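The values are calculated or read from the model by the stated rules, or taken from the named source; none is laboratory data. Everything numeric here is computed off the predicted structure, so don't read it as measured data. Cβ placement follows ideal geometry from the backbone for every residue including glycine, while neighbour counts extend to all protein chains displayed.
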């Protein structure tokens, strides 16, 4: 229900209450007043009657009393004969006549029965005559006559008749009086009752009306309060949203000061009055404002216009002015009420946005890629110029999901799947697929789609670009081709190398074997018949062939190290060293060697290769220390900088550090073959083996002061830092082979 | 020694063939050696085709194969022997100069019975060849119905000669 309806209903109710109360109260008052008036009339009339009756009764009593006075005077005179006693009689005679006359008047008025009054007059006359007769007799000194007359009882009889007559009339009057009194009493009681009842009724009505009115007053108060608050809120709202709230007359003239306008523009009341407000508006905008006003006021419609307004500080601001006409009941415009809002920031933001939009469009239209923007649901709402140029399509064809017509039907399902997956998840995607050009040729495009998300992470728009990767693809293909060719070449070269190795192992060894074998056969067959020189030469041939065989074998091992895959297992280096020493036992024959073996780790490595490396190192140590007695060979390990470093140290011939680099090269030897035999391949193999395990090799030494060979392995390969402990110092003595073993910790 | 079964030696190098024969001779095993010069001839011999079509059907006690031969190499011969139901159980020994891991692996994959690298020194060569020839031709018991003349001897598993390992 609307507040207006409620108010009118309340008003109607109030009117009904007031009317009802008024009518009821007025009716009750009228009835009450009528009753009181009537009762008053009755009382008045009865009172008059009462007074009359009282007067009549008085007359009657005075009549009786006067007669008695006359009789008393007569009797006194008769008894005394003195004239003095006759005086009441004389006075009574004078008074009696008007009394009678009065009674006759009353009788004429109907207040007394006229028959009785005339009877009374007659009796009175008779009495008076009797009295006068006696008095006259007395005056004549005829006392006895007078007394006889008195004794005749005639006077007494008349007197009794008069009394009876008077008493009768008085009694009637008294009865009448009493009846009137009773009437007055009754009327008064009725009046009181009526008065009391109406008063009570009116009081009740008043109370009811009071409560009704008070209730409505309270309601009105509440409604007024609500309205006041609403108004306050409205005012705050207007003041918060608008810089100026204004009012003009129907012509647009300012006829009352507008404080907010003055505050904003710095104009005074006088300056703004009339059309003075126009002066604060930018001159270029004034005609537009005038026109807007003219149109709006003519149509009695909303006045709305934007203009530049000079603020009090001289700054020009963009203002949006709006006003609505307030109409009189006859439809004429009474006034215009409106606001001025500062929209400068908005306009500037819009201008910036337009500029940015323009920049974006220019950029998007000038770039070589195809670009587009899609709604969160995937329907595309914008393409750059390049898209239309490339595909030769029209904006109408491209609407929504129209882009599909530029796709290759074969790749379209995959594209749709990816696109729909991205729409569902909000994830960006990259994809290469063909797009048909205006010339009907499909070219591969790298498509990159990025979502623009709001703060809640919801996709607002999708941005997509399609980059022609034809050239790239070609280049890639060319590159791939080149890589393939290179790989093939490499594979071929590797194969050749393998074939070479293969050939070496077969074909190089075979003639050697033949030389060696036939020399051996020759020696057996004809040896005894040869002279010493020839026998020595035959021996040289045999040895040369043997060394050549060793060289070839070592070379093959070296080449295999590089090619074979690592068969990694857990290797206990301590046990590996012990095995190597056993294997090298023949080389140690007849020597005294002090072994000092420290803790060695367990590592993850190719056991056979690592063994080969260790054998090589130990073999070298044994070989180059053979001129020492006792020879000392030390092994150990330590952890350093992400590696485990192992070393083999001997007190042998050593080497010149200047040639340290050459040590690990193939066929590099630092000693004459006469001194120490060897192929010059062993350390090269060690280096290859360690490199294949991700480690390094190096050496330290000095001529005749021993050498230290180091190799490292990545710490990741270490399973357990300390290997099996040797525990006891044991000295092994076998014929011609003395070995000291010492545990170093 | 006439009751010894024959040995087939496939060797392209006449010197090697000569040396092998010499080694076998020194062990008195050479009287029953047939020599072919390449893999193709070895297959002809074994399948009794071409020049060997008229050969008696007796199968050799052992085949000594060089790996590297012209036309058909030793590995191919081995493959065909193992693929043929009649020859599948024939003992084959690779007798080669190669220490190549690849050859060794391939040979064992194809089911070679032994793999011998010919030593450079003649004495060692003689030992290797004669031991092999002796073992396979004399000691080894062929599968039932394979050889025409069974001979008593220990099983290969209990052989005193270790099988070479890669």
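Residues of segment A:495-511 that are within 8 Å of another protein chain (Cβ to nearest Cβ), touching a residue at least 40 places away in the same chain (Cβ under 8 Å) and under 17 Å from residue B:11 (Cα atoms): A:505, A:509. Of all the residues in segment A:265-279, those that are under 42 Å from the mean Cα position of the chain (by Cα) and crowded, with 20+ Cβ neighbours inside 10 Å number 1. Residues in segment B:116-135 that are touching a strand residue (DSSP E or B) at 6+ places or on another chain (Cβ under 8 Å) and more than 14 Å from chain A (Cβ to nearest Cβ): how many? Of the residues in that region, 2 qualify. Going by the structure shown, is residue A:534 surrounded by fewer than 19 Cβ atoms within 10 Å (Cβ to Cβ), outside any helix (DSSP H, G or I) and at negative phi? Taking the combined requirement at face value, the residue does not satisfy it. Comparison of A:318, A:312 shows that the only residue that is part of a strand (DSSP E or B) and either surrounded by 11 or more Cβ atoms within 10 Å (Cβ to Cβ) or over 37 Å from the mean Cα position of the chain (by Cα) (or both) is A:318.
Residue count for segment A:358-389, restricted to those that are within 36 Å of the chain's Cα centre (by Cα), in a helix (DSSP H, G or I) and surrounded by 11 or more Cβ atoms within 10 Å (Cβ to Cβ): 2. If the condition is being over 24 Å from residue B:82 (Cβ atoms) and not in a helix (DSSP H, G or I), then segment B:113-136 contributes B:119, B:120, B:121.
When segment A:229-265 is filtered for residues that are assigned to a loop (DSSP other than H, G, I, E, B) and out of contact with any strand residue (DSSP E or B) (no Cβ under 8 Å at 6 or more places or on another chain), the ones remaining, listed by number, are A:251, A:257.
Going by what's in this entry, would residue A:383 be described as under 14 Å from residue A:252 (Cβ atoms) and in contact with a helix residue (DSSP H, G or I) (Cβ under 9 Å, 6 or more places away or on another chain)? Spelling it out, it is not the case that residue A:383 is under 14 Å from residue A:252 (Cβ atoms) and in contact with a helix residue (DSSP H, G or I) (Cβ under 9 Å, 6 or more places away or on another chain).
Considering segment B:7-25, the residues that are within 14 Å of another protein chain (Cβ to nearest Cβ) and more than 16 Å from residue B:131 (Cα to Cα) include one that is surrounded by the most Cβ atoms within 10 Å (Cβ to Cβ), namely B:11. Among the residues of segment B:85-112, the ones that are out of contact with any helix residue (DSSP H, G or I) (no Cβ under 8 Å at 6 or more places or on another chain) and touching a residue at least 12 places away in the same chain (Cβ under 8 Å) come to 4 in all.
Just checking, does segment A:278-286 include any residue being modelled with pLDDT under 85 and part of a loop (DSSP other than H, G, I, E, B)? Steps first, answer last, please.
Let us first name the residues in segment A:278-286 that are modelled with pLDDT under 85, namely none.
Looking for residues that are modelled with pLDDT under 85 and part of a loop (DSSP other than H, G, I, E, B), one finds none in segment A:278-286, hence no.
Among the conditions (1) within 14 Å of chain B (Cβ to nearest Cβ); (2) more than 26 Å from residue B:18 (Cα to Cα); (3) part of a helix (DSSP H, G or I); (4) touching a residue at least 24 places away in the same chain (Cβ under 8 Å), residue A:566 misses just one, which is (3). A count restricted to segment A:619-651 and to residues that are in a loop (DSSP other than H, G, I, E, B), at negative phi and free of Cβ contacts under 8 Å to residues at least 60 places away in the same chain stands at 5. The residue that is surrounded by the fewest Cβ atoms within 10 Å (Cβ to Cβ), among those in segment A:681-712 that are out of contact with any strand residue (DSSP E or B) (no Cβ under 7 Å at 6 or more places or on another chain) and part of a helix (DSSP H, G or I), is A:691. Given the condition part of a helix (DSSP H, G or I) and farther than 26 Å from residue A:117 by Cβ, answer yes or no: does some residue in segment A:150-157 qualify? Yes.
Residues in segment B:88-112 that are surrounded by fewer than 21 Cβ atoms within 10 Å (Cβ to Cβ), in contact with a strand residue (DSSP E or B) (Cβ under 9 Å, 6 or more places away or on another chain), more than 14 Å from chain A (Cβ to nearest Cβ) and in a loop (DSSP other than H, G, I, E, B): B:111 alone.
Among the candidates A:615, A:603, A:571, A:645, which residue alone is within 20 Å of residue A:699 (Cβ to Cβ) and touching a strand residue (DSSP E or B) at 6+ places or on another chain (Cβ under 7 Å)? Give the steps one after another, and end with the answer.
Working: A:615 fails: touching a strand residue (DSSP E or B) at 6+ places or on another chain (Cβ under 7 Å); A:603 fails: within 20 Å of residue A:699 (Cβ to Cβ); A:571 fails: within 20 Å of residue A:699 (Cβ to Cβ).
Exactly one residue qualifies, and that residue is A:645.
What about residue B:158, is it modelled with pLDDT under 85 and more than 14 Å from chain A (Cβ to nearest Cβ)? Spelling it out, residue B:158 is indeed modelled with pLDDT under 85 and more than 14 Å from chain A (Cβ to nearest Cβ). Within segment A:266-277, being more than 27 Å from residue A:332 (Cβ to Cβ) and assigned to a helix (DSSP H, G or I) holds for A:270, A:271.
Conditions (1) in contact with a helix residue (DSSP H, G or I) (Cβ under 6 Å, 6 or more places away or on another chain); (2) in contact (Cβ under 8 Å) with a residue 12 or more places away in the chain; (3) closer than 21 Å to residue B:128 by Cα, marked per residue:
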{"position": "B:15", "(1), (2), (3)": "yes, no, yes"}
{"position": "B:41", "(1), (2), (3)": "no, yes, no"}
{"position": "B:54", "(1), (2), (3)": "no, no, no"}
{"position": "B:62", "(1), (2), (3)": "yes, yes, yes"}
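Residues of segment B:26-76 that are within 14 Å of another protein chain (Cβ to nearest Cβ) and either in contact with a strand residue (DSSP E or B) (Cβ under 9 Å, 6 or more places away or on another chain) or assigned to a loop (DSSP other than H, G, I, E, B) (or both): B:65, B:66, B:67, B:68, B:69, B:70, B:73, B:74, B:75.
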